[in-house]
Amino acid sequence: MQKKIIISLLASCYLLLSVAAKGPNILFIFSDDHAEAAISAYGSHLAKSAPTPNLDRIAKEGAIFKNSFCANSICGPSRACILTGLHSHTNGFLDNNNSRFDGTQTTFPQLIQKEGYQTAMIGKWHLVSNPTGFNYWEILPGQGAYYNPDFIQMDNSRKRYQGYCTDIITDLALEWLKNEREKDKPFVLMCQHKAPHRNWSPAPRHLNLFDGIKMPEPDTLFDRYGGNRSRTLKEHEMGIKDHMYWGHDMKFHGKESMFPKHFLSGIINRQYERMTDSQKKQWDTAYGPKNEKLINDIKSGKLNEKEITQWKYQRYIKDYLRCIKAVDENVGRLLDYLDDSGLAEDTIVIYSSDQGFYLGEHGWYDKRWMFEESLAMPFLIRWPGVIPAGVESKTLIQNIDYAPTFLELAGATIPKRMHGRSLVNAFKDPLKKPKDWRKSIYYAYYGERTHRVAKHDGIRTDRHKLIHFPNTKEWNLFDLEKDPKEMNSVHEDPQYSNILTSLKKTYTEKKKKYALNNATVPVPRLDQEWWRNRHREKVKLANKGNYELLFLGDSITHGWENSGKTVFNKYYNKRKTLNLGFSGDRTEHVLWRLLNGELATNLNPKVATIMIGTNNTGHSMQNAEETFLGIKAIVDLLQDRRPKMKILLLGIFPRATNPEHPQRIRNNEINSLSKTLADSKNIHYLDISTRLLDEKKNLPKSVMPDALHPNEQGYKIWAKAMEDKICELGGWGKIQ
Ligand code: SGN
Ligand code: CA
């Protein structure tokens with residue numbers, strides 16, 4: 001009896017504690033391409049002409065972070081970093097053109113839901129696959145539209161709303177807060193705007209805002225890319241001078257061929273096409289007369305080339321800031337609602353944007369480069385009762401930190417695998433750097449056709465920035481204190497040689513820390529037709545599910561379908577085995593395949609075998625450690641997605657006849673590293689090489705005629721050698 005009372009007392013204590021420990025609500029307001037320079041609290045040259053009182057209010061009542069950065073300055077990748085707490089190479093979303101977010105991976109929304117949070121995502125998502133881990137979502141398809149936008153619903157249907165996108169996203173967010181969430185639970189609401197993304201279409205009410213004002217120009221509007229900076233800078237296609245579309249960007253109607261010297265010809269403005277007649281009328285009334293004036297001025301020779309560029313800058317910056325005006329107003333609506341509803345006190349409000357943007361600096365619009373304007377992400381936060389009002393933080397923070405932060409706020413365990421660190425201590429005392437805090441951030445842009453910005457990566461400390469451009473094998477080094485506008489690379493300046501050496505060392509260490517090298521960055525082989533077809537075919541099979549055993553690897557595994565076929569039929573047909581071996585694959589290709597459909601939701605095998613890596617050392621001469629990290633990335637990925645599946649990691653088969661051959665030695669080195677991954681629970685390691693070698697450790701032709709691939713005899717030895725282990729892991733009866 002007494003025992004019972006104690007138990008029930010304990011239980012009620014626990015209940016009380018868990019109610020008291022209810023984490024704060026999180027309202028995460030996010031926009032697209034919002035540069036810090038366009039938030040007046042950041043105090044830029046634009047602050048006076050285009051104030052953002054509501055955003056500033058968050059900073060005034062909380063903190064502004066002035067060293068806040070993204071990990072990859074482009075839309076989808078930044079969002080993927082936020083959801084996963086991982087750098088792009090590990091979350092698999094490298095760029096906007098070819099990536100698809102693998103929503104089966106661990107993300108903070110899924111984990112925070114488990115802590116009892118209600119999660120909602122409204123607005124721009126841009127990760128190709130549908131959101132996972134949200135109780136509620138309603139998202140723009142792809143980039144979405146400014147006018148009368150469509151939204152994808154949770155049942156995959158589409159719904160069109162009349163009006164202006166920024167207003168509608170806020171309406172939907174408010175609707176969820178007021179009427180749809182479960183009120184007794186804490187929430188995370190991600191309210192994500194399309195604005196101020198290209199093509200910078202303002203709301204009807206703001207079409208004439210800033211008329212008659214001249215916005216200040218950045219000093220570097222006419223940058224000529226000298227100063228010993230990378231020669232790839234000149235190759236960009238994101239210049240205000242040369243890369244503005246006549247219709248899409250500059251909002252003209254008329255003949256495409258007008259002034260081809262000054263404007264790219266595209267006349268189509270898809271936003272205009274979506275408008276109602278009355279929206280079109282307001283639009284034309286606002287732009288028409290100004291456009292006509294420019295045409296006349298150019299025709300009459302009144303404007304020189306420089307003045308035309310300056311005109312474009314004004315058109316661009318005003319439209320951009322007009323879009324921000326609507327964002328700011330709508331942030332105000334949300335803050336007002338928090339006040340009115342009494343939620344404000346318990347709700348952390350964050351404002352950020354997927355990356356920064358060039359507002360004419362270096363002659364650019366768009367982002368991608370590791371220069372300050374687009375590397376920086378605005379970060380404003382209000383946390384009543386915890387963050388003192390009006391503080392400014394210089395702590396180096398990054399978007400990979402958001403997921404661990406939200407998890408700590410909710411009282412959840414932060415997965416060790418996450419690259420980011422919780423910012424909770426940085427919030428609690430914004431003026432101080434948290435203990436053992438990072439001294440630099442790592443950044444990587446993977447290159448895309450759009451806007452032609454070369455692939456590059458680098459690190460940024462409080463004071464310096466080191467950038468590496470692999471295609472041209474160039475380094476750039478900036479002293480941000482002496483050269484905040486990044487006009488001169490000092491990588492060849494003898495005064496900086498020590499700094500250069502030490503930063504290069506840090507750069508290498510960072511990449512090691514994040515296990516980043518060619519073996520761990522997912523890459524497809526889409527240029528090869530057979531590979532594409534095989535991948536498509538395997539995705540189809542994987543989707544059918546019903547497999548119990550999975551083989552992952554390269555040609556050696558692929559060979560179960562050829563030289564190994566008879567043996568395969570004997571051992572693995574009955575066990576329903578899916579062979580995901582692709583001839584010539586390296587670890588990076590396997591990673592890509594797993595992220596892009598081969599690990600279909602329906603595919604839930606009991607056991608997966610992995611043998612990969614021999615081509616990393618063969619084709620691309622990677623060293624053992626890098627190759628091992630590629631193997632580890634595959635194992636980690638599988639563990640994350642299928643925590644219950646058993647993994648049988650196979651030592652790479654010996655190659656080359658002679659045991660002294662460097663490739664043989666390298667495979668041995670890899671194997672001795674792989675062995676350490678075994679945890680005697682889910683990950684098992686097996687090396688069967690002694691069964692393939694003769695007593696002098698030579699590789700006999702009788703099992704591997706080309707000293708790399710097994711023949712039928714070789715496959716027989718392989719199957720027999722792993723039979724015990726496979727049966728132990730999968731619970732199958734042994735085949736003799
Ligand atoms: C579109 C834009 C580009 C922009 C990318 C990526 N062109 O392609 O200017 O860089 O999106 O932006 S547009 O003609 O469609 O406006 S991101 O924010 O999604 O990364
Ligand atoms: Ca963006």
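The values are calculated or read from the model by the stated rules, or taken from the named source; none is laboratory data. Computed from a predicted model, the values in this text were never measured in an experiment. Cβ sites come from the backbone with ideal geometry, for glycine too, and all protein chains shown count toward neighbours.
For region 90-204, please list each of the strands (runs of 3 or more DSSP E) lying entirely inside it that holds at least 2 residues being in contact with a Leu (Cβ under 6 Å, 6 or more places away or on another chain), more than 16 Å from ligand 2 (Cβ to nearest atom) and among the charged types (D, E, K, R).
Working: elements: 118-124, 136-140, 150-152, 158-160, 187-192.
Counting at least 2 such residues, we get no strands (runs of 3 or more DSSP E) at all.
Among the numbered conditions (1) within 13 Å of ligand 2 (Cβ to nearest atom); (2) closer than 20 Å to P53 by Cβ, tell me where F379 comes up short.
Result: F379 fails condition (1) only.
Could you check how many residues of region 71-108 are more than 16 Å from ligand 1 (Cβ to nearest atom) and among the small types (G, A, S)?
Qualifying residue count for the region: 3.
If only one of S583, S674, S620 is in contact with a Leu (Cβ under 8 Å, 6 or more places away or on another chain) and either assigned to a loop (DSSP other than H, G, I, E, B) or under 30 Å from L111 (Cβ atoms) (or both), which one is it?
On the way: S583 fails: in contact with a Leu (Cβ under 8 Å, 6 or more places away or on another chain); S620 fails: in contact with a Leu (Cβ under 8 Å, 6 or more places away or on another chain).
It is S674.
Looking at this structure, is I213 over 13 Å from I324 (Cα atoms), aliphatic (A, V, I, L, M) and assigned to a loop (DSSP other than H, G, I, E, B)?
Numbers: over 13 Å from I324 (Cα atoms): yes; aliphatic (A, V, I, L, M): yes; assigned to a loop (DSSP other than H, G, I, E, B): yes.
The answer is yes for I213.
Which one is farthest from ligand 2 (Cβ to nearest atom) among residues in region 29-45 that are at pLDDT 95 or above and assigned to a loop (DSSP other than H, G, I, E, B)?
I39
Which residue pairs have Cβ atoms under 7 Å apart, sit 6 or more places apart or on different chains, and have a first residue in region 407-418 that is closer than 20 Å to L189 by Cα and a second that is of a type in the set (D, E) and part of a loop (DSSP other than H, G, I, E, B)?
A410/E115; G411/E115; A412/E115
Report whether or not L221 is more than 16 Å from ligand 2 (Cβ to nearest atom), aliphatic (A, V, I, L, M), modelled with pLDDT of 95 or more and more than 30 Å from the chain's Cα centre (by Cα).
no
Could you list all residues from region 578-631 that are among the polar types (S, T, N, Q), in contact with a helix residue (DSSP H, G or I) (Cβ under 6 Å, 6 or more places away or on another chain) and more than 22 Å from D687 (Cβ to Cβ)?
Residues satisfying the conditions are S583, N602.
Mind checking which pairs have a first residue in region 472-498 that is more than 17 Å from D462 (Cα to Cα) and a second that is among the hydroxyl-bearing types (S, T, Y) and assigned to a loop (DSSP other than H, G, I, E, B), Cβ under 7 Å, 6 or more apart or different chains?
Here the result reads T472/S230; E474/S230; M487/T220, each pair linking region 472-498 to a residue that is among the hydroxyl-bearing types (S, T, Y) and assigned to a loop (DSSP other than H, G, I, E, B).
Among (1) within 14 Å of ligand 1 (Cβ to nearest atom); (2) under 25 Å from A403 (Cα atoms), there is one condition Y146 misses while meeting the rest; what is its number?
(2)
For region 430-449, indicate whether the set of residues that are assigned to a strand (DSSP E or B), surrounded by 20 or more Cβ atoms within 10 Å (Cβ to Cβ) and more than 21 Å from the chain's Cα centre (by Cα) is non-empty.
no
Got a sec? Which of I397, I381 is of a type in the set (V, I, T), under 30 Å from Q495 (Cα atoms) and either in contact with a Lys or Arg (Cβ under 7 Å, 6 or more places away or on another chain) or buried (at least 19 other Cβ atoms within 10 Å of the Cβ) (or both)?
I397
So which residues in region 334-393 are under 23 Å from the mean Cα position of the chain (by Cα), part of a helix (DSSP H, G or I) and more than 16 Å from ligand 1 (Cβ to nearest atom)?
Once the filter is applied, which keeps residues that are under 23 Å from the mean Cα position of the chain (by Cα), part of a helix (DSSP H, G or I) and more than 16 Å from ligand 1 (Cβ to nearest atom), region 334-393 yields only E372.
All but one of (1) in contact with a Ser or Thr (Cβ under 8 Å, 6 or more places away or on another chain); (2) surrounded by 17 or more Cβ atoms within 10 Å (Cβ to Cβ); (3) assigned by TED's automatic domain parsing to the domain that holds L423 hold for R333, so report the exception by its number.
(2)
From the residues in region 198-229 that are among the polar types (S, T, N, Q) and within 22 Å of G247 (Cα to Cα), which one is nearest to ligand 1 (Cβ to nearest atom)?
Looking at residues that are among the polar types (S, T, N, Q) and within 22 Å of G247 (Cα to Cα), I get N199.
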